[in-house]
Structure formats: C-alpha cells, structure tokens
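Following: one structure in structure tokens, then a few remarks.
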C-alpha cells in the first residue's frame, strides 16, 4: 500500500516538501538509514564546510551543472540540521526560512520600507549594523561592546582576517591608501627575513603570520578577496604543473626522474603558452565588436 509519504518521496518533483520528507524518512529511528540516524550536530559540520567549498570551486570553474548539483548538496545540509532540530523540538525548516526572510526585510528598509534608496554602499553597511544592534537588544542579547566582537572563530583564517580588518576600518582604524599598505608589506618582509636569520622558529611563524595578515589588508585596499585570489592561484599552479607532467610524460619520464632544471624550463614553457593563449583570447574578444560593426 502506497502511503502519502511514499507518494511525496517518489513524485519526482522539485518541491521543498519532498526533500524535507526524504530527510525525515532517512532519520526515522525504525525504518531510516543507520548512517543518517547516527549523525548529530557536530558530526555534520565537516560535510557542511566541505559542501560550501565545493560550491565555490564549481563557481570558480564556471561548471554550471556542477554548481547546480553542489548547491543541492549544500541545501541538504540545511535540511539535515532542520530535521535534527525538529526532532529535538528546537525549531524547524519553516522557522529557518521565516527567520532569514524577516531579517532581509528588516535590514533593507530602503527596499521594503519607507527609507530612501539614495545611499552609498557604505551608508547601507552602517544601516545594516545599526539595525542588527537593535535586533540584538530587542532579543535580549545585548549590544557588542567591542568592534571585533562576533567575528566567528571557526572561519577560514584568511576570511576571518578580512572580516576583522573591515570591522576595524569601520571605526577609523585603517590605512588611507593601498600604497601605505605596500610599505607595510615591505616592512613585514624585512622583519621575516631578520627573524629567519636570527630568531627562533616560533618568531619566524609569528612574523610570517604578520605578513599574511597585512597581505589580506593589501587585498582589501585593492578590492581583491584573498580567498578567491588564492583559489585562482592554486588553480593556475595546478594547470601549469599538469602541463609540466604531460610534457615529461611525452618524453617518457616523470617529475621524480627529471631534474629541477628540466622542470623549470617546462614550467616556463607552460607559463608562456598560457599567457599566449590568454593574449589571443583577449585580442579575439576585443576584435569581436569591430567585426560585428563591419
């Protein structure tokens, strides 16, 4: 006999109710999946972080079918937490949706209320923080006493550094221009070099951390997201090293059996080929409007 639950699970549609029912069935203590049943709040955290990174990776590669699939995997994490909360009587999925919907309406009075839209992005950030502080007070959580309070410790280090710097900048603790930050980068490089020559490994690590921190600040002043920039640098390194491996394979050898000089030469060749390809693509793109005009 087919139940309403079975009909919903197998209806093949894209309704949110279907996914919620599937998760409820997976977590059913008597008929569910043993692995899904034994998971708890903390055991799911690594999967949530992994899925968020996989979304970012798919977007960076502009693989839109993968973006769609990875967003589904990330949505499943939210559904998982919502089901566990429902089982414990804490909240449910509808409560999550209501909470974020109410927040977006409340924090955008220039869109959903009577306030003027004639504001800069910085004005709107200040409004956001003002409204958030009022919400915290209304909920009895109290206002944050420090400018850096509430920046999550669990964030990736580069992301947390960026958030800390943005918070400090809002209260006026910031360089005035990128050139000043470049000077600070040079200073930190000198201090790292000195520590490497004369100090302990702990001091070297400290100076290296200072250099990373100021590099994040430089990115902020150049309007460059450090995580995104490093992801692209990682991807570039991966592409070029794969080209080195392919060239060595064509010669019947591997990196393990090649000299550093051979690999350096192949790396330079891969870099030049990639640059030439980018230049050709840029030239073709630039020529396209003229060709259409003709």
request  = With a Förster radius of 45 Å, plug the Cβ-Cβ distance of residue 250 and residue 194 into 1/(1 + (r/R0)^6) and report the FRET value to the nearest 0.05.
outcome  = 0.50
request  = Mind pulling the angle between the C-alpha long axis of helix 93-106 and the longest principal axis of the chain? Nearest 10 degrees, somewhere in 0 to 90.
outcome  = 70
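Taking 0.36 nm per residue of sequence separation and subtracting the Cα-Cα distance, how much length would be gained by fully extending the chain between residue 75 and residue 137, in nm to one decimal? Before the final figure, lay out the partial values.
Numbers: separation 62, 0.36 × 62 = 22.32 nm, distance 3.04 nm.
Going from the current span to full extension adds 19.3 nm.
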note = Between residue 163 and residue 202, the two model label points (7 Å from Cα along the beta-carbon direction) sit apart by a distance in nm of 2.9
note = Measuring from the longest principal axis of the C-alpha atoms of the chain, the long axis of helix 121-138 (C-alpha) lies at a number of degrees, nearest 10, equal to 40
task = Put one equal scatterer on each alpha carbon of the chain, apply the Debye formula with no solvent term, and list log10 I(q)/I(0) at q = 0.07, 0.09, 0.16 1/Å to two decimals.
result = -0.49, -0.80, -1.41
Burial ordering of 35, 267, fewest other beta-carbon atoms within 10 Å first = 35, 267
inquiry  = Angle check, please: helix 157-170 long axis (alpha carbons) against the longest principal axis of the chain (alpha carbons), in degrees 0 to 90, nearest 10.
reply    = 80
inquiry  = Please report Rg (one decimal) and Dmax (integer) in Å for the Cα set of segment 157-224.
reply    = 12.8, 38
ask   = What's the center-to-center distance, using Cα atoms, between segment 30-58 and segment 191-214 in Å?
value = 38
ask   = If you take the beta carbon distance between residue 39 and residue 17 as r and set R0 to 22 Å, what does 1/(1 + (r/R0)^6) give as a FRET efficiency, to the nearest 0.05?
value = 0.50
When the convex hull of its Cα atoms is projected in every direction, mean area for segment 3-107 (nm²) = 8.5
query = Which FRET efficiency value, to the nearest 0.05, do you get for residue 237 and residue 48 by plugging their Cβ-Cβ distance into 1/(1 + (r/R0)^6) with R0 = 35 Å?
reply = 0.80
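How large is the translational diffusion coefficient of segment 227-287 in µm² per second when you combine the Kirkwood radius over alpha carbon pairs with Stokes-Einstein at 37 °C and 0.692 mPa s?
Rounded, D is 256 µm²/s.
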query = Zone of residue 3 (label point 7 Å along Cα→Cβ, backbone N under 20 Å): which residues in segment 87-101?
reply = 87-89, 93
remark   = Length gained if residue 263 through residue 101 is fully extended, taking 0.36 nm per residue and subtracting the Cα-Cα distance, is 52.9 nm
ask   = How many Å³ per residue does the convex hull of the Cα positions in segment 96-251 occupy?
value = 224
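Each reported figure results from applying straightforward, stated rules to the coordinates on display, with no laboratory input. A quick note: this is a predicted structure, and the numbers were derived from the prediction, not measured. Every residue, glycine among them, receives a Cβ derived from its backbone with ideal geometry; neighbour counts consider all protein chains shown.
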